[in-house]
Amino acid sequence: MKKTTRLLPDSFPSWFDGQNINEALFCRDYLESHQLLYTERSFFTTEGRMTDEASLKTDIYQIIEPCASIGVPKKISNIIELLKIMAYTNNFPPQTDRIHVANGTLFLDGSFSKDKYEIVRSRFPVNYAPSVSVPETWLHFLSDILYEDDIPTLQEYIGYCLIPCNKGQRMMVIKGNGGEGKSQIGTVLSHLFGCNAKDGSVGKVSENRFARADLEHVHLMIDDDMRMEALKQTNYVKSLVTAQGKMDLEQKGKQSYQGWMYARLLAFSNGDLQSLYDRSDGFYRRQLILTTKGRSPNRVDDPDIAEKMCGELEEIFLWAFGGLQRLVQNHYHFSESSRARANRDTVKQDANNALLFMKATDYIHLTPKGKIGSQELYEIYTIWCKENGFSPLKSRSLSDYLIANQKKYGIEHTNNITNPVGRRVWGFTGIQAVMSLPAKVTESWKRDDSMYTPFT
């Protein structure tokens, strides 16, 4: 056990009178010897945002240990609360013309300073090393899973996330059928960004008004497995993508406040990001959508690929910085291949397919006398999608769309519908089937009750 060394009176610090610690004087002395600011519910140092106050508590304890023996935890808490007041500033805007790295500060014009004297919002855990070679393992991996003309887009987007700026007003979705290894990109970025990146969920951001506050001070949110349900609302997502200043943030049970928000969104998915009700061009043109090549049947996976790529972080950082410089020179307009632009058009078209289906008079007919079960309607809808080259929405998404637009279509959601096999099910009045379902479908309903469990 460490033995506490008691101070002699002539060596007492100014904040200690031999019996009591003057917390205000302690904080004054501490701030004279430590660069520290407090704003937006966080401490900031020359190393960036303090994500855990444990290190601060330890530092304070080591200083006061010779002078305090009773009520030390409470005294430390009091000191920290007083530091929040004395170190508070209301003017600490993000710096969008530079990137603070482990060994200094890199400016967008390419100049570099080794000084680390200023208090900063964020610092990346990677060195700026202009003499390093290209990240060969990283680029080879990207070439295996992405089309060559889409790699510059990814390069620009990762570079874009290095600065606290939303001028590009885009989010990125990388989609594939699964098994391509695309999530390894997120693993590497988590190491590159350190505490400036955070795992999250696009779906949670869209549904929960408190989720945005969790992304405060963060440069990049990574959704490693974006769920395929269409978003019921898009306001919170769009506000994150387009934010260019402070916004109202909320934490559960606490007063809302104004905070800087510059988190960019990167999602990996097996499908598209769609909205249930937002059919505006604004929602879809905010998306940069890259598709993977798919897994080659002859490919042999390297179980150590993530570790190997993380060994190239300095090289990857320099590569991403090149993408950022190109993006800035192009006035924050991202490079997009014809494939990426077509991806976005396809997603937008698919998102509107429920609307188009309701106009498909060869399949259904809107009439006040019509009645149709939800399962029967969904079966007709999936046939229509297949025959017209659309990706079908989930049954729940189609149902939610119809329920939300009952007045528009003159329909009513009800549980008083008799399906083709004579069972009472949920469905809609005001819609009549024009086409007949294959006999094998209705026969399956007779055999399996779960086949006609209604979507609601």
What is the residue count in segment 92-140 for residues that are under 28 Å from the mean Cα position of the chain (by Cα), outside any loop (DSSP other than H, G, I, E, B) and either more than 20 Å from Cys310 (Cβ to Cβ) or of a type outside the set (Val, Ile, Thr) (or both)? 11
Residues (in contact (Cβ under 8 Å) with a residue 24 or more places away in the chain and assigned to a helix (DSSP H, G or I)) located in segment 320-337: Ala320, Phe321, Gly322, Gly323, Leu324, Gln325, Arg326, Leu327, Val328
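Just to be sure, is Gln155 at pLDDT 85 or above and not in a loop (DSSP other than H, G, I, E, B)? Working first, answer last.
Values: at pLDDT 85 or above: yes; not in a loop (DSSP other than H, G, I, E, B): yes.
Yes; evaluated as a whole, the condition is true for this residue.
Here's the yes/no breakdown for (1) of a type in the set (Gly, Ala, Ser); (2) within 30 Å of Tyr332 (Cα to Cα):
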position	(1), (2)
Leu25	no, no
His34	no, no
Tyr38	no, no
Lys57	no, no
Gln62	no, no
Gly71	yes, no
Ile76	no, no
Leu83	no, no
Val101	no, yes
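Yes/no per residue for (1) among the hydrophobic types (A, V, I, L, M, F, W, C); (2) free of Cβ contacts under 8 Å to residues at least 60 places away in the same chain:
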| position | (1), (2) |
| --- | --- |
| Pro152 | no, no |
| Pro164 | no, no |
| Lys175 | no, no |
| Thr187 | no, no |
| Arg212 | no, yes |
| His219 | no, no |
| Tyr236 | no, yes |
| Val241 | yes, no |
Every residue in segment 357-395 that is in a helix (DSSP H, G or I), over 19 Å from Lys408 (Cα atoms) and polar (S, T, N, Q), please. Gln375, Thr382, Asn388, Ser395
Give the residue that is nearest to Arg344 (Cα to Cα), with candidates limited to residues of segment 396-411 that are of a type in the set (Gly, Ala, Ser) and part of a helix (DSSP H, G or I). Ser397
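Residues Leu366, Leu288, Leu377: which one is under 19 Å from Tyr147 (Cβ atoms), modelled with pLDDT of 90 or more and touching a strand residue (DSSP E or B) at 6+ places or on another chain (Cβ under 7 Å)? I'd like the intermediate steps shown before the answer.
On the way: Leu366 fails: under 19 Å from Tyr147 (Cβ atoms); Leu377 fails: under 19 Å from Tyr147 (Cβ atoms).
Just one listed residue meets the conditions, Leu288.
Among the candidates Leu356, Leu398, Leu393, Leu402, single out the residue that is outside the structural domain of Asp272 (by TED's automatic domain parsing), in contact with a strand residue (DSSP E or B) (Cβ under 9 Å, 6 or more places away or on another chain) and more than 30 Å from Pro130 (Cα to Cα). Before the answer, list the steps.
On the way: Leu356 fails: in contact with a strand residue (DSSP E or B) (Cβ under 9 Å, 6 or more places away or on another chain); Leu398 fails: in contact with a strand residue (DSSP E or B) (Cβ under 9 Å, 6 or more places away or on another chain); Leu393 fails: in contact with a strand residue (DSSP E or B) (Cβ under 9 Å, 6 or more places away or on another chain).
Step by step, each of Leu356, Leu398, Leu393, Leu402 is checked, and only Leu402 is outside the structural domain of Asp272 (by TED's automatic domain parsing), in contact with a strand residue (DSSP E or B) (Cβ under 9 Å, 6 or more places away or on another chain) and more than 30 Å from Pro130 (Cα to Cα).
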Provide a single number: the residues in segment 412-434 that are among the hydrophobic types (A, V, I, L, M, F, W, C), in contact with a Ser or Thr (Cβ under 9 Å, 6 or more places away or on another chain) and in a strand (DSSP E or B). 5
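So, Asp304, is that one among the acidic types (Asp, Glu) and modelled with pLDDT under 85 or not? Even if it seems obvious, please write down each step before you answer.
Numbers: among the acidic types (Asp, Glu): yes; modelled with pLDDT under 85: no.
No; evaluated as a whole, the condition is false for this residue.
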If the Cβ limit is 8 Å and pairs must be 6+ apart or interchain, which residue in segment 291-316 that is over 17 Å from Leu146 (Cα atoms) and of a type in the set (Ser, Thr, Tyr) pairs with which residue that is at pLDDT 90 or above and surrounded by fewer than 16 Cβ atoms within 10 Å (Cβ to Cβ)? none
If a residue must be over 22 Å from the mean Cα position of the chain (by Cα), crowded, with 16+ Cβ neighbours inside 10 Å and not small (Gly, Ala, Ser), how many such residues does segment 329-357 contain? 4
Pairs under 6 Å by beta carbon, first residue surrounded by 12 or more Cβ atoms within 10 Å (Cβ to Cβ) in segment 122-145, partner modelled with pLDDT of 95 or more and among the aromatic types (Phe, Trp, Tyr), six or more apart or different chains? Val126/Phe317; Tyr128/Phe112; Pro135/Trp319
Yes/no for Thr89 being within 24 Å of the chain's Cα centre (by Cα) and polar (S, T, N, Q): no
Among residues of segment 190-241 being over 22 Å from Ala351 (Cα atoms) and among the aromatic types (Phe, Trp, Tyr), the residue surrounded by the fewest Cβ atoms within 10 Å (Cβ to Cβ) is Phe210
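Which of the residues that make up segment 306-325 are among the aliphatic types (A, V, I, L, M) and in contact with a helix residue (DSSP H, G or I) (Cβ under 6 Å, 6 or more places away or on another chain)? Give the steps one after another, and end with the answer.
Here is the first cut: in segment 306-325, the residues among the aliphatic types (A, V, I, L, M) are 306, 309, 313, 316, 318, 320, 324.
Ala306, Met309, Leu313, Ile316, Ala320, Leu324 - these are the residues of segment 306-325 that are among the aliphatic types (A, V, I, L, M) and in contact with a helix residue (DSSP H, G or I) (Cβ under 6 Å, 6 or more places away or on another chain).
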In this structure, does Asp109 turn out to be more than 20 Å from Gly259 (Cα to Cα), of a type in the set (Asp, Glu), out of contact with any Cys (no Cβ under 7 Å at 6 or more places or on another chain) and not assigned by TED's automatic domain parsing to the domain that holds Glu216? yes
Any idea which residue in segment 270-285 is modelled with the highest pLDDT, counting only those that are part of a loop (DSSP other than H, G, I, E, B) and within 18 Å of the chain's Cα centre (by Cα)? Asn270
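I'm trying to understand the selection: among the residues of segment 326-355, which are basic (Lys, Arg) and under 17 Å from Phe283 (Cβ atoms)?
From segment 326-355, those basic (Lys, Arg) are 326, 339, 341, 344, 348; that's our starting set.
Matches in segment 326-355: Arg341, Arg344, Lys348.
Run down Lys74, Lys57, Lys84 and say which single residue is basic (Lys, Arg), under 30 Å from Asn166 (Cα atoms) and in a helix (DSSP H, G or I).
Values: Lys74 fails: under 30 Å from Asn166 (Cα atoms); Lys57 fails: under 30 Å from Asn166 (Cα atoms).
None of the others qualify; the one that does is Lys84.
The values are calculated or read from the model by the stated rules, or taken from the named source; none is laboratory data. These figures come from a predicted structure and were not determined experimentally. Don't worry about glycine lacking a Cβ; one is built from the backbone with ideal geometry, like all the others, and counts go over all protein chains shown.
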